[in-house]
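The structure appears right after this line, and notes come after that.
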Amino acid sequence: MAIIVDLDVQLAKRKLSVAEFAAAVGISPANVAVLKNGRAKAVRFTTLDAICRTLDCQPGDVLRWVPDDADGGEAVAHRSSDRFAGRAGQGGGGGNAQIGT
């Protein structure tokens, strides 16, 4: 199972830069990158609320669930930007990335 964060689409629709978005939400640009590249292990509800307020959207507009493949392997999903969205359980550099305010 994988939860995919589709921030690229929402930022592009609103013509927001990562820096502008990070400042409006109250998180660092580095944490926005963690969300965008699929390394986040958790997102606090207060952060999700700030994201939705900033983007004027619903949580389902930025988060989606992708099931595992039929062969029992891990889910793989591609974002609209055609970048790797991550595999479930892949940490990419060690520690647990938790995004919160």
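Need the full-extension length gain, Asp56 to Ala12, defined as separation in residues times 0.36 nm minus the C-alpha distance. One decimal, nm.
Value of the extension gain: 14.5 nm.
Under 5 Å from the amide H of Leu63 lie the amide H atoms of Asp6, each residue being 5 or more positions distant or on a separate chain, with H modelled from the backbone and absent for Pro and chain starts.
Every read-out reported here was derived from the displayed coordinates using simple, explicitly stated rules and does not represent laboratory data. The structure displayed is predicted, hence computed values, not measured ones.
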